[in-house]
Amino acid sequence: MADDLCFFTKDSFILKSPKKSPLVLRTVVLLFVMVCGVYICTICLKQISTGSTTEFLNFRVVQKPCPEPNIEPWEIPYVHYPNPKTYSRAECACNPVRYFAIMSMQRSGSGWFETLLNNHTNISSNGEIFSVKVRRSNVSTIFETLDRIYNLDWMSSASKNECTAAVGLKWMLNQGLMQHHKEIVEYFNTRGVSTIFLFRRNLLRRMISILANSYDRDAKPLNGTHKSHVHSPHEAAILASYKPVINATTLIPSLRQVEETTKKGLEYFKSTRHIILYYEDVVKNHTKLAEVQEFLKVPKRELKSCQVKIHKGSLSNHIQNWVDVEKALNGTKYESYLHGDYRK
């Protein structure tokens with residue numbers, strides 16, 4: 001029995017491990033090396049890619065700066081380099097642009113004056129944009145519209161193929177200017193917008209023009225078409241044939257109200273860079289147009305307009321109840337309106 005118990009010898013408990021194959025070991029090592037290599041390469045590629053992208057982006061952002069314009073220090077806030085969203089200025093990118101707004105009142109010669117400005121190769125005045133009420137519904141819409149105009153993104157017949165040097169619009173005092181004057185003044189002074197005031201000295205002539213234009217809007221004597229401005233003597237004669245009746249009782253209060261509105265407008269916007277013009281002076285003195293071009297810092301040109309003046313000559317020929325009007329104004333500070341006349 002003892003022999004049976006001792007049947008299992010010491011060697012019986014020795015387990016010999018199987019002989020490992022060199023091929024398996026080599027495969028394991030090779031796989032390990034490959035995994036490590038892929039990982040290291042991935043990290044390196046990410047670093048190289050990031051560095052290359054940064055260098056590329058920096059190259060795209062950096063642009064050749066425009067040369068410094070030869071201007072006085074005070075002019076710097078009024079010189080701009082717009083970058084339109086709708087097109088590229090290309091060779092005009094470094095052509096400086098001045099911003100302006102023509103502030104006026106209806107039937108004060110602003111339409112004629114604007115055609116003179118747009119006759120200049122480098123000036124774009126985009127018309128009475130805020131006559132559309134939705135554009136002046138609040139300060140935000142006003143600023144959005146102005147931003148488009150001054151960024152050269154407002155396309156109109158006034159847009160120039162040449163390099164624009166001055167861009168602006170025509171803006172009536174009753175089109176949101178007086179209501180939002182504080183915000184607009186701040187915008188003008190922040191954005192470097194200059195103001196061109198254009199008014200009429202003879203407010204009686206302006207009143208005749210307003211009444212005649214109102215009649216034309218309803219009657220449409222020019223082949224059923226309403227025209228605020230005409231381009232031929234024949235058309236002008238047809239429109240001038242209408243003689244309005246002026247209420248002599250309310251005449252002086254009406255003239256006084258226009259005076260007060262003009263005075264208030266000048267007061268509200270006096271802190272902006274501005275020039276004050278009167279229609280009669282521009283008609284009689286062509287050096288006024290040279291002053292405007294100097295104000296806008298554009299090359300001086302001879303400016304012309306195709307518009308024809310409608311109401312010429314003595315006012316007695318254009319008012320149906322002339323005797324009543326003459327009686328109402330004689331002896332008042334407005335008496336000079338009865339006799340004031342000028343060519344064109």
Practice problem: Among the candidates Lys243, Lys304, single out the residue that is under 26 Å from Asn122 (Cβ atoms) and out of contact with any Gly (no Cβ under 8 Å at 6 or more places or on another chain). | Solution: Lys304
Quiz prompt | Selection count, segment 311-339, where residues are open to solvent by 30 Å² or more (accessible area, probe 1.4 Å), closer than 25 Å to Phe197 by Cα and of a type outside the set (S, T, N, Q) | solution = 4
Quiz prompt | Residues satisfying the stated conditions in segment 103-113, i.e. open to solvent by less than 20 Å² (accessible area, probe 1.4 Å), over 22 Å from Val185 (Cβ atoms) and outside any loop (DSSP other than H, G, I, E, B) | solution = Gly111, Phe113
Quiz item: Looking at segment 140-182, which of its residues are in a loop (DSSP other than H, G, I, E, B), in contact (Cβ under 8 Å) with a residue 40 or more places away in the chain, open to solvent by 30 Å² or more (accessible area, probe 1.4 Å) and more than 25 Å from Glu259 (Cα to Cα)?
Solution: Asn151, Met155, Glu162, Cys163
Quiz item: If you scan segment 185-200, which residues turn out to be in contact (Cβ under 8 Å) with a residue 60 or more places away in the chain and either touching a Cys at 6+ places or on another chain (Cβ under 6 Å) or open to solvent by less than 30 Å² (accessible area, probe 1.4 Å) (or both)?
Solution: Val185, Phe188, Gly192, Val193, Ser194, Thr195, Ile196, Phe197, Leu198, Phe199, Arg200
Quiz item: Is it the case that some residue within segment 80-102 is surrounded by fewer than 19 Cβ atoms within 10 Å (Cβ to Cβ), assigned to a strand (DSSP E or B), out of contact with any helix residue (DSSP H, G or I) (no Cβ under 6 Å at 6 or more places or on another chain) and at pLDDT 95 or above?
Solution: yes
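The values are calculated or read from the model by the stated rules, or taken from the named source; none is laboratory data. The shown structure was predicted, so the numbers you read here are calculated from the model rather than taken from an experiment. Every residue, glycine among them, receives a Cβ derived from its backbone with ideal geometry; neighbour counts consider all protein chains shown. Surface accessibility is based on the protein's heavy atoms, side chains included, excluding ligands, DNA and RNA. Shrake-Rupley method; radii C 1.70, N 1.55, O 1.52, S 1.80 Å.
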